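Some notes on the structure that comes next.
Just so it is clear, none of the values below were taken in a lab; they were calculated from the coordinates. Please read these numbers as outputs of a predicted model, since none were measured by experiment. All Cβ positions, even for glycine, are placed from backbone atoms using ideal geometry, and neighbour counts span all protein chains on display.
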Amino acid sequence: MTVAVVGAGMSGLALTHFLAERGADVHTFEAAAEPGGVVRSKTVDGHVLETGPQRLRLSEPVQSLVETLDLEDELRYGHDDQPLFAYHDGQLRTMPLSVREAITTDLLSWPGKARVLLEPLTRGPQPEETVDGFLTRKFGAEAARRFMGPLYSGLYGSDPDEMYVEYSLGRALDHVGIERSILLYAARKLLEGVDPPSIVTFEAGLQRLPDAISEAHADTIELNTPVTSVERAGDGYLVHTEDETHAVETVAFTTPAPTTAALLDGVDPAAADVLKQFTYNPIGVVHLRSDFDGTGHGFHIIDDGFLTDGSTWNHSMLDRDGVFTSYVGSGDADALDADPAVIGRRAAEEFETVTGEPADVLDVSILRPGMPAYDRSWAALEDLSLPDGIEIAASYTSRAGIVGRIADGRQTAASIVEE
Ligand SMILES: Cc1cc2nc3c(=O)[nH]c(=O)nc-3n(C[C@H](O)[C@H](O)[C@H](O)COP(=O)(O)OP(=O)(O)OC[C@H]3O[C@@H](n4cnc5c(N)ncnc54)[C@H](O)[C@@H]3O)c2cc1C
């Protein structure tokens, strides 16, 4: 079985790893000089900064990769027991992530809290429902707008009013087997005493994970080698790069939808047209240094008028001294076109407004295309039909998180080899 994997972000690396483990003859092409895609760590003024994800959960697929790659000693554990905040009505207020926080928080009114308890009486996701519509129907408008919507959209950098449940939250609910009540599921887990997997990163930053996978498969991964086109050849495909052509039986795309669409155009224009419809949200990531010593994982901003969507407190959650990461302008392409220095200054000012402490800008990155929007454009997924020998293993067709990317790589490798 010969397979070309296009892209060496977490999806492509996981797929490469599990294909090699199953004995496939795999060849992986990565356009950038480094593996990892959006998982990118750098050191600025002695601070380890993450321009993509800030941390991972050490769930089974991650744990087993970490053991295989012998990375246990490099793990850095985060503090699981810290609160997360919402900035609402000019104040930081605790998000109700535990029973005690649900009772004590002033983020929700008593009627708002009481409304949440009616959730088990409501139905599961309905066709064509938005995340905002779904959360409002289940938990009431107050909890949906001040707590669950911001919490969920913070993961995806998208507006809950624009996201379709079936392409985003619904997948996560399916994955854990929730058909109807999220509240009863959470209560059952609480009674069973099941803790979520630990929050982790690596001493050198999250990019250590893709770097280690890439090192383990160095003979099959070509960096600095963008795939320029793909064409059919008999029962298989020819994969072209600037300097070479590779004949393979299967091509697995792990690149963002616009890139995959351009490369598929020569193979299956109808499939390429479907992928062209998917929209992405660009996002700005501003790293700040501050003496703010609040304890918590960070905050989401609910109040209007801010460019900042939220902030991760790397200082508190991961003991990264003085480092705070603000996500800004998600989906606002015009705002993100501004001079990065202006975006950085605005993020620092808004951080001071929220926390009361000044901050200096360490770094500004603008990610494009950014996060898959999981909005109405995802309805196009229904029309996606791929020719034999073409696979897609990417964040826009299944779960976006790193754990989901590893699990998808394992599953796609199995189905390619079994076919
Ligand atoms: C800001 C941000 C924060 C996030 N936070 C979290 C988090 O806290 N926890 C979590 O679990 N997940 C998080 N995620 C999600 C997760 O990081 C991503 O979904 C996942 O890393 C995407 O990996 P990927 O390989 O599918 O895509 P990408 O990382 O986009 O990789 C695609 C790769 O394809 C390469 N490529 C492009 N064109 C070509 C070409 N022509 N030929 C060859 N290669 C090409 C690119 O260079 C890139 O390396 C976050 C994502 C972002 C953007």
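Here are a few things to note about the model shown:
- Axis of helix 10-21 versus longest Cα principal axis of the chain: the two differ by about 50°, to the nearest ten degrees.
- By the Stokes-Einstein formula, at 0.692 mPa s and 37 °C, the chain with its Kirkwood radius over alpha-carbon pairs has D equal to 146 µm²/s.
- Tail weight of P(r) past 23 Å, computed on alpha-carbon pairs of segment 96-192, percent: 20
- DSSP beta bridge pairing in the chain, given as percent antiparallel to the nearest 5: 70
- Nonlocal amide H pairs with Ala252, under 5 Å, H built at 1.01 Å: Ala4, Val5, Val6, Glu391
- Ranked Glu166, Glu242, criterion: other C-beta atoms within 10 Å, fewest first: Glu242, Glu166
- Cα gyration tensor category, rounded, prolate or oblate, for segment 48-142 with a/c compared to 1.5: prolate
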